[in-house]
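K.L.:
Just passing along the structure, written as structure tokens.
The values are calculated or read from the model by the stated rules, or taken from the named source; none is laboratory data. None of the values given here were measured: they were computed from a predicted structure. When we count neighbours, we look across all protein chains shown, and the Cβ atoms used for this are built from the backbone with ideal geometry, even at glycine.
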């Protein structure tokens, strides 16, 4: 299923990415987030795939920008860096993408807990 997602502030480093399509890849844990114009795409994954119990901290202003008031309405995804070898795939747990499932607005936040790395192996321990 394909969903249109709106980033009111853009994504840090990709500020032009404001209106995007999010689609779950049929096989595997991945999603593709593609700019509406089709010029840029990112691969995303649910952080629970690599770290059970993942909990980030975000500032209230980040969450208010997407009108998120209930964490049950949030879908949390992280950016994955793909390689030819699955064992070399890394994810950015430090800066998750938060999607408000109620209004399809999203933002990328910087985790303030200090518990997560920018590059963590997706399949650590396998």
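K.L.:
Could you list, in sequence order, the residues of segment 24-42 that are in contact (Cβ under 8 Å) with a residue 24 or more places away in the chain and not in a loop (DSSP other than H, G, I, E, B)?
P.N.:
Listed by number, the residues that qualify are 30, 31, 33, 42.
K.L.:
Tell me yes or no: at least one residue of segment 72-85 is at pLDDT 85 or above, surrounded by 13 or more Cβ atoms within 10 Å (Cβ to Cβ), in contact with a helix residue (DSSP H, G or I) (Cβ under 7 Å, 6 or more places away or on another chain) and not in a strand (DSSP E or B).
P.N.:
No, that holds for no residue.
K.L.:
Among the residues of segment 86-98, write down those that are in contact with a strand residue (DSSP E or B) (Cβ under 9 Å, 6 or more places away or on another chain), more than 30 Å from residue 69 (Cβ to Cβ) and outside any loop (DSSP other than H, G, I, E, B).
P.N.:
Answer for segment 86-98, where residues must be in contact with a strand residue (DSSP E or B) (Cβ under 9 Å, 6 or more places away or on another chain), more than 30 Å from residue 69 (Cβ to Cβ) and outside any loop (DSSP other than H, G, I, E, B): 87, 88, 90.
K.L.:
Quick check on segment 99-119. Is at least one of its residues farther than 15 Å from residue 6 by Cβ, in contact with a strand residue (DSSP E or B) (Cβ under 8 Å, 6 or more places away or on another chain) and not in a loop (DSSP other than H, G, I, E, B)?
P.N.:
There is no residue in segment 99-119 that is farther than 15 Å from residue 6 by Cβ, in contact with a strand residue (DSSP E or B) (Cβ under 8 Å, 6 or more places away or on another chain) and not in a loop (DSSP other than H, G, I, E, B).
K.L.:
Just to be sure, is residue 34 at pLDDT 90 or above, in contact with a strand residue (DSSP E or B) (Cβ under 8 Å, 6 or more places away or on another chain) and exposed (fewer than 14 other Cβ atoms within 10 Å of the Cβ)?
P.N.:
In short, no.
K.L.:
So, of the residues in segment 43-71 that are under 27 Å from residue 25 (Cα atoms) and part of a helix (DSSP H, G or I), which turns out to be modelled with the lowest pLDDT?
P.N.:
Filtering segment 43-71 for residues that are under 27 Å from residue 25 (Cα atoms) and part of a helix (DSSP H, G or I), the one modelled with the lowest pLDDT comes out as 49.
K.L.:
Determine, yes or no, whether residue 72 is free of Cβ contacts under 8 Å to residues at least 40 places away in the same chain and on the phi > 0 side of the Ramachandran plot.
P.N.:
Spelling it out, it is not the case that residue 72 is free of Cβ contacts under 8 Å to residues at least 40 places away in the same chain and on the phi > 0 side of the Ramachandran plot.
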